[in-house]
2 protein chains.
Amino acid sequence: MGMSVFTANPANSVRSLGERELLNRIREWLGAAAPASPRGMGDDCAVLPASVAPVNLVTVDALVYGRHFDDSVPAASAGAKLLKRNLSDIAAMGGTPLSAVVSLILAPETRVDFLEAFTRGMAACALEYGVTIVGGDLTEAPGFFGGSLTLLGHAARPITRKGGQIGDWIAVTGALGGSILGHHHEFTPRLREGAWLAAQPDLCGMMDVTDGLAKDLCELLPVGGAAALDLAELPLSEAATELAARDGLSALDHALTDGEDYELVFTVSKETDPIAFRARYEEALGKPPCFIGKIIAHVGRIRLLEANTLLPITPGTGYEHFGKIN
Amino acid sequence: MGMSVFTANPANSVRSLGERELLNRIREWLGAAAPASPRGMGDDCAVLPASVAPVNLVTVDALVYGRHFDDSVPAASAGAKLLKRNLSDIAAMGGTPLSAVVSLILAPETRVDFLEAFTRGMAACALEYGVTIVGGDLTEAPGFFGGSLTLLGHAARPITRKGGQIGDWIAVTGALGGSILGHHHEFTPRLREGAWLAAQPDLCGMMDVTDGLAKDLCELLPVGGAAALDLAELPLSEAATELAARDGLSALDHALTDGEDYELVFTVSKETDPIAFRARYEEALGKPPCFIGKIIAHVGRIRLLEANTLLPITPGTGYEHFGKIN
């Protein structure tokens, strides 16, 4: 259980600190995740080191109180989620994360102890994944708490969504559905899996599942291609089953349409033997992927395969919202 | 005069468009400023080209309705300002801007025509300064309109704030004060000036003036150093004089303490002849800089020099707010 974001007691609010002290505290909370100027905060820009892998990936995602997290989410998990949403995007390109800048927009009545836990959670996550937080910005806005994080990374071979052809295999890294029960902030970004997959010459396309498989998967399909999914192979999360028991939808519905799975979905060349690929993957990563279908030549985008019969799925049941435009 | 940001008429709101159509429109409005995927929007990350100058500068700044702009500011100018605030930071490092990602947080009742003008204004500014907008994110939040922009750039010799020593000259690129009368969104980021300055071996330190000279200048001073400013040399903007005539403060007060000048303040080696430096600068850039003082050994941070007498200035009269932490 988290703590409330805002306080009516001015003594506990960020307003009580003033700008300079607030910045000092944030740097203290970021600790080892934030290098000293000019590599980090303290000048007009951060200066990135020339010695590391060149930056060739950039992504941005936001996290807003009341939308992406609420009081049921621990503050530290919310802070980590802001970074992990972006880590998942780097993973989806087969990349390695490098540096991040954070823009926080917050009300003066934001609790200092909430912000501390949020920032420390983000910093711990950054250290875990080798990310340095090199810059930031704080802006006041009444009644608001949210942030945007831009993450820079490197990929020797950036894997886009495109590349899958008719006949190619479709696979996912893990179980889907029901993220609202906790997975939406407890997930592990699939950086190891993404990096391993990007090194496989028979990997065609890849993305992370954030808006529900049924919606996102369309992005991996070539023109004239549809996804034929084998219902029996779709990995259902325990949370999908648990939700289904409550709300009358099926676990399959949840796995296909719930958002924020943060698993990777990818396509593998039709020439590849999926059994051999799965064995290689499991040997490298300790857990097998799930081959869930194939790209077929078909009008429409997604078909579900049940007892060798193709069933249509109606698009638009996925998580519809403003969202990622990069 | 701008237009209002929100509308009570659902037919004119971004809510009426839905996610997919809104994203399509934004890409259309960005036009030539936004390259196609994978260089731009449309995948999990943008893939930056390897052929250009390597990214070694990163900065982020936010722009929030009601705080950084209001209905008196044309929507196109507000959109341009979001980018220009960051361009000013790249200028302050002596760098060249390259790519940007934008995170917009907006209410469903945001007017479509406001968002169009805002986005087109940002795109026109990007084209003017050679910036590509390669990624973005859209997030809903009730009653809110704002954005954060992260700008990547390159500098062969990044100029930090530090480097000034006792005896060095202090100069600024242009007139100060009164930005609230329009300059705060009409300013030109000093990229040409910053790049030229960074190429001068006798340039010591540099930053942009965003929180008022009296506050910002402290960042350029070494330990044990103070700024002795010659009041007669301080360039006062017409707006500073106009404001002074209205509010009873002096134009000098406005020049020293108003925020959002977006001029560069820099230090030049004490070995340099300021007259010769000014001539070289004017020949290259068409307009002379203003040498406004020197760094002296002194307790305290800023002293004003009037008729050869040092007057103390009380810090804390500058623009105090949450702000830049990088």
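Within 10 Å of the Cβ of each residue in B:87-95, the mean number of Cβ atoms contributed by other protein chains is 3.
The local environment of B:Pro10, defined by Cβ-Cβ distances under 15 Å, has a net charge of -2 under the rule Lys, Arg +1 and Asp, Glu -1. Can you tell me how segment B:114-249 classifies by the Cα gyration tensor, rounded, prolate or oblate, using a/c under 1.5 as the rounded cut? Note, shape of segment B:114-249 comes out oblate. With a cut-off of 14 Å on the backbone N, the residues of segment A:93-112 near the modelled label site 7 Å out from A:Glu21 along Cα-Cβ are A:112. Calculated [222 nm] ellipticity per residue, helices only, for the protein assembly as shown: -8500 deg cm²/dmol; basis is -39500 (n - 2.57) per DSSP H run with n ≥ 4, divided by all residues, nearest 500. In terms of surrounding Cβ atoms within a 10 Å radius of their Cβ, B:Tyr281, B:Tyr262 rank from fewest to most as B:Tyr281, B:Tyr262. Here segment B:46-123 and segment A:66-145 have alpha carbon centers that stand 21 Å from each other. Tally Lys and Arg at +1 and Asp and Glu at -1 over the other residues with C-beta under 13 Å from the C-beta of A:Leu57: what net charge comes out? Charge balance in the 13 Å sphere: -1. The magnitude of the dipole of the protein assembly as shown, with charges of +1 and -1 set on the Cβ of Lys/Arg and Asp/Glu and taken from the Cα centre, is near 960 debye. Between this copy and the others, label points of B:Gly130 are 3.3 nm apart in ascending order, each placed 7 angstrom from Cα in the Cβ direction. Each of B:Ile275, B:Ile166 was scored by other Cβ atoms within 10 Å of its Cβ. Listed from fewest to most, they are B:Ile275, B:Ile166. When only alpha carbons of chain A are considered, Rg and Dmax amount to 21.0, 66 Å. The Cα-based radius of gyration and maximum Cα-Cα distance (Dmax) for the protein assembly as shown are 26.3, 95 Å.
Each copy carries a label point for A:Asp247 at 7 Å from Cα toward Cβ; from one copy, the others' points are 5.2 nm away, ordered from shortest. Sorted from closest to farthest, the other copies place their B:Lys270 label points 7.7 nm away, with each point set 7 Å from Cα along Cα→Cβ. Per the Debye formula on identical point scatterers at the alpha carbon atoms of segment A:188-252, with no solvent, log10 I(q)/I(0) at q = 0.23 Å⁻¹ is -1.20. Close amide H contacts of B:Ile159 (hydrogens built in the peptide plane, cut-off under 5 Å, sequence separation of 5 or more or a different chain): B:Gly94. Would you tally the net charge around B:Ala245, using a Cβ to Cβ cut-off of less than 15 Å, leaving B:Ala245 out, and scoring K and R as +1, D and E as -1? In short, -4.
The DSSP beta bridges internal to chain A are antiparallel in roughly 75% of cases.
I need the helices of chain B that pass two filters: whole DSSP H segments spanning 20 Å or more by Cα along the axis, and mean Kyte-Doolittle score no lower than 0.0. Those that pass (Cα extent of 20 Å or more, hydropathy at least 0.0) are B:75-92, B:112-128.
Read-outs throughout are calculated quantities, based only on the coordinates presented, and are distinct from any laboratory measurement. Note that the structure is predicted; figures quoted are calculated from it, not measured. Quick reminder, even Gly has a Cβ in these numbers, built from the backbone with ideal geometry, and neighbours come from all protein chains shown.
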